[in-house]
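All remarks here apply to the structure that follows.
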Amino acid sequence: MRNELKSKLMKKHGGHCTVCGAVGVPMELHYITPQSAAGTIDEENFILLCANCNRTIANRPFTEYEFNQYLANILAQSSEFENIKLEERLSREKPFQADITARSTDGKTWLIECKKTSSFTPVRLHQAINQIELYKALTKFDKYVLAFPGLLSVDQMSHLNALGIECWDAKTLATKFKKEVLEIPHPVFQAILSDVELASSKAQEEVFIERLDSCKKGKESWSEYQKLIGQILEHLFCPPLEAPISESADHDGVNRRDWIIPNYADQGFWNFMREKYHADYIIVDAKNYKSLISKNQVLQLANYLKSHGAGLFAMIVTRIGADKGAILTIREQWMANKKMILIINDEDIVAMLLAKLAGGNPEKTIGQAIERFRLSM
C-alpha cells in the first residue's frame, strides 16, 4: 500500500522533495495531517519529502511573513471573516502596518499582530503587548489579537485577557479553524497545528509546569527542586545533549555543581554553543531561594568554569532572579574571563516547556537570554 502510494506521489511531484526540491535522493512519505489527529491514509494526506526534510520539518525555520500569509489564507477560507488585508497601512501620524486586518461577519473589525515564536519569555511578551497597546492608541478596531503557532502559560493568557487582547495560540487556532487547517496544505504550519495536543490527558510538559508551580521555595524543598530541574532539562534538551550527571565536583572536591550535561552535539544550537561559548558541558546550579540570588552564588559557579575543564558556560536556575550585585558579577566574569553565566528563572523554564509542547525549539529561550545579555553590554 505505502509503496504504491509512494510511486503515485513520485510521479505526481516528478521525484522532487516537496519542501527543498531535491531530486535523485531517497524520498519518504510524510503525513500532512497525522493519524493521531484523524489524518486519512490516502494520497491527498501525504507529501513526498527527502529524508532530511522529513526529519526536520516540524522545526523548519520560517519567516514571520510566511506565518502571516498562512493565517490570512485561513481567515479567507473561513466563513466567519471577510475583507482580509495583509500589512495594511493604518496611521499617518505614526506610520505603521498591521500584520493582518479583517472584518468578521458580525460586523466587528479585527487587528491581528502575528509572531512566529513557539513561546514567549516575559521580555518578548512585554514587547508584543507594548506593540499592540500602541496600535490600540492609534486605531479603533473592535478586537486586537496576538497570534502565533505556539503556546502561552495560564498566567500569560490571563494577563493578555486582562489587557483586552485576545490570544490565538496554536491550540486556539487548531480549534477555532479546525476545518480550514485540514483544507489548506502547508508543510510546516499544518503539521504544527495538527499535532497540538487537544486530548484531555496532560502532556509531560504540562505535568512539569504543575510540579514547578507546586514546589515550595526555600531550603526545605531544595532537593525536590534540584531533582525537578534536572528532569526538566533532560526532557527539554536530551537528545541532542547527553543525560545530566548529578552532584559533580572538581578534583579538589571544593567546587560541586548540581548538574553537568555533556554536550557532544555536532550540529544545531548546542554545537554553536560549544564552538562559540566553550560549552563542552552545560553546568547547572539549581537555587530554590525565596529571594534573589547574590554575587556569592555567581562566584561559586564561576570557580567551577575552566577552559581546560568543564568549559565556560553555565546556568543558574532560580525561582525569581538575580540582584544587581549578581548581575554586575556576571558581566565582569564575561568581560574578564569569557565565562558566560545565564540566570534562568521559573518563567523561562515554563516558556521552554511550552515551546517543547508546541513543537518548537526550547533552545530559543536560552538564545534570547544570551542576546539580551550581549546587547546590554
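The values are calculated or read from the model by the stated rules, or taken from the named source; none is laboratory data. In this text the structure is predicted, and so the values were computed from the model without any measurement. Because the Cβ atoms are built from the backbone with ideal geometry, glycine has one as well, and the counts that use them run over all protein chains shown. Accessible surface areas use protein heavy atoms only, side chains included; no ligands, DNA or RNA. Shrake-Rupley method; radii C 1.70, N 1.55, O 1.52, S 1.80 Å.
Some observations on this one:
- In summary, Lys136 fulfils each of the numbered conditions (1) open to solvent by less than 80 Å² (accessible area, probe 1.4 Å); (2) more than 30 Å from Arg372 (Cα to Cα); (3) free of Cβ contacts under 8 Å to residues at least 40 places away in the same chain with the single exception of condition (2).
- Checking the stated criteria, Lys136 turns out to be more than 21 Å from the chain's Cα centre (by Cα) and either assigned to a helix (DSSP H, G or I) or among the aromatic types (Phe, Trp, Tyr) (or both).
- Selection within region 39-92: residues that are part of a loop (DSSP other than H, G, I, E, B), farther than 19 Å from Asp142 by Cβ and at pLDDT 65 or above. The member of this set that is most open to solvent (accessible area, probe 1.4 Å) is Arg92.
- Sole residue being open to solvent by 20 Å² or more (accessible area, probe 1.4 Å) and within 25 Å of the chain's Cα centre (by Cα), chosen from Ile320, Ile316, Ile341: Ile320
Residue-wise test of (1) open to solvent by 70 Å² or more (accessible area, probe 1.4 Å); (2) at pLDDT 65 or above; (3) in contact with a helix residue (DSSP H, G or I) (Cβ under 7 Å, 6 or more places away or on another chain).
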residue: Ser7; (1), (2), (3): no, yes, no
residue: Lys11; (1), (2), (3): yes, yes, no
residue: Cys17; (1), (2), (3): no, yes, yes
residue: Ala22; (1), (2), (3): no, yes, no
residue: Leu29; (1), (2), (3): no, yes, yes
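- Pro185 open to solvent by 40 Å² or more (accessible area, probe 1.4 Å), touching a residue at least 60 places away in the same chain (Cβ under 8 Å) and farther than 25 Å from Gln368 by Cβ: yes
- When Ile282, Ile260 are checked against the criterion of being farther than 23 Å from Gly360 by Cα, modelled with pLDDT of 90 or more and in a strand (DSSP E or B), a single residue qualifies: Ile260.
- Taking each residue of region 287-299 that is buried (at least 21 other Cβ atoms within 10 Å of the Cβ) and looking for partners that are assigned to a helix (DSSP H, G or I) with beta-carbon atoms closer than 6 Å, six or more apart or interchain, yields Asn288/Ser221; Asn288/Trp222; Asn288/Tyr225; Ile293/Ala326; Val298/Ala326; Val298/Thr329; Val298/Ile330.
- Odd one out for His126 among (1) of a type outside the set (D, E, K, R); (2) within 23 Å of Lys364 (Cβ to Cβ); (3) open to solvent by 40 Å² or more (accessible area, probe 1.4 Å); (4) touching a residue at least 12 places away in the same chain (Cβ under 8 Å): (4)
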